[in-house]
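Report on the structure given below.
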Amino acid sequence: MAELVAEETALVEAASRGDQEAFRRLVEPISRELHLFSYRMLGSFQDAEDVLQDSQLKAWRRLNTYDRRASFRAWMYKIVTNTSLDALRTRRRRVLPQDIVAARDPALGLGEQRHDIPWLEPYPDSLLETSNPEAAVELRESIRLAFLRALQLLPPRQRAALILRDVLDWPASDVATMLETSVPAVNSALQRARATIAQDESGRVDPYESARIGGQMAEMASRYVSAWEAGDIEALVSMLTEDAIHSMPPWVAWFKGRDALRTVYRNYEAWVGPPGPGVFRILPTSLNGELGFAEYLREEPDGPYRALAFTVATLNRDGTRITEKVSFVRPDLFIALGFPQSIE
């Protein structure tokens, strides 16, 4: 520990003299966890990228104000926390379609897209860094869409207090320093945040259940990929619970129930004639701690498959059915999340 403190002190001193390589060595090891923290705060992968870059620039410019009473990591968390709070002052809370409208009649089609609404964005599990299996489960639970939606109900400072204390386990005194307030104020904010989260059933997570069904995800992923790539709508629908829901932001519409989703899937404009093979390519992955898919669409028979959407699929308690699908129709996110824009 003493050697690590000495190394950090030497790097801070070098960076304070303008050594950019020293600053990079200070920031790079904690960049992903800072980005993940900001993602939880903002519900947006891209906004978290902007906050992280802005925070690193602020840290570089303000190194002379770092008094070293706290670790460099804690100092960076304070900067990222306050930069995230500043960002939230000018942004509305991020949502999914089911947060703002009732389920749509599938006979009416998908309806309109709304790009003026701040939608939640997905996060790839591949960016979660830990070698501890128990910690990995907790990390995945902390980015589930249900938890993120619940966080969006909280005022920004309550949100920060809850994430820093309950998710990241920072001491109340450190959180008070980061939020530039008192420990009693932090505890009060935390109490109110916990009460709000507890009232929202979607905010409840069960790490044990998540870990228990983890082994079944590969089988479910294989079935899902086969069904979509073959255009087998009945096989796909058979994987859903009776009351499954599917939303597809930026489309405002969302649909509930097997029968409704069967109608929606059969009537996708992507099909040329009846549903069949050669239209979709699906790459299984893991997003927001759950079963995920990168979905590609081929618009011409001999053309490439182009990026279309990321789908997060939530399984039921025994891992045998899909209870909810959220398809983020965001081709622009594919490169940022580590996927190609097109495949052959």
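General observations
- Residue count for the stretch 255-290 satisfying the condition of being of a type outside the set (A, V, I, L, M), touching a residue at least 60 places away in the same chain (Cβ under 8 Å) and farther than 17 Å from Pro106 by Cα: 7.
- Of the residues making up the stretch 177-197, those that are farther than 22 Å from Trp75 by Cβ and of a type outside the set (A, V, I, L, M, F, W, C) number 7.
- Some residue of the stretch 329-340 being crowded, with 19+ Cβ neighbours inside 10 Å, among the small types (Gly, Ala, Ser) and on the phi < 0 side of the Ramachandran plot: no
- Pairs are defined by a Cβ separation below 9 Å, a sequence spacing of at least 6 or placement on different chains, a first member in the stretch 84-101 that is under 17 Å from Arg40 (Cβ atoms) and in contact (Cβ under 8 Å) with a residue 60 or more places away in the chain, and a second member that is among the acidic types (Asp, Glu) and surrounded by fewer than 19 Cβ atoms within 10 Å (Cβ to Cβ); the pairs so defined are Arg93/Asp99.
- Some residue of the stretch 280-300 being of a type in the set (Lys, Arg) and part of a loop (DSSP other than H, G, I, E, B): yes
- For the stretch 221-278, residues that are touching a strand residue (DSSP E or B) at 6+ places or on another chain (Cβ under 7 Å) and in a loop (DSSP other than H, G, I, E, B) total 6.
- Residue among Leu151, Leu127 that is in contact (Cβ under 8 Å) with a residue 24 or more places away in the chain and either over 15 Å from Gln46 (Cα atoms) or among the basic types (Lys, Arg) (or both): Leu151
- Residues of the stretch 148-185 classified as among the hydrophobic types (A, V, I, L, M, F, W, C) and under 21 Å from the mean Cα position of the chain (by Cα), total: 12
- Unique residue being within 22 Å of Leu153 (Cα to Cα) and of a type in the set (A, V, I, L, M, F, W, C) when the list is Phe23, Phe45: Phe45
- Qualifying residue in the stretch 32-39 (condition: hydroxyl-bearing (Ser, Thr, Tyr) and within 29 Å of Leu162 (Cα to Cα)): yes
- Only a single criterion out of (1) free of Cβ contacts under 8 Å to residues at least 12 places away in the same chain; (2) within 20 Å of Ala309 (Cβ to Cβ) is not satisfied by Leu57, namely (2).
- When Ala336 is tested against the conditions (1) under 19 Å from the mean Cα position of the chain (by Cα); (2) without any contact (Cβ under 8 Å) to a residue 24 or more places away in the chain; (3) part of a loop (DSSP other than H, G, I, E, B), the lone failure is (2).
- Some residue of the stretch 273-288 being crowded, with 17+ Cβ neighbours inside 10 Å, basic (Lys, Arg) and under 24 Å from the mean Cα position of the chain (by Cα): yes
- Arg114 meets all of the listed conditions (1) more than 18 Å from Phe37 (Cα to Cα); (2) free of Cβ contacts under 8 Å to residues at least 12 places away in the same chain but one, namely (2).
Read-outs throughout are calculated quantities, based only on the coordinates presented, and are distinct from any laboratory measurement. Since we're looking at a predicted model, the values are computed, not measured. Backbone-built Cβ (ideal geometry, glycine too); neighbour counts: all protein chains shown.
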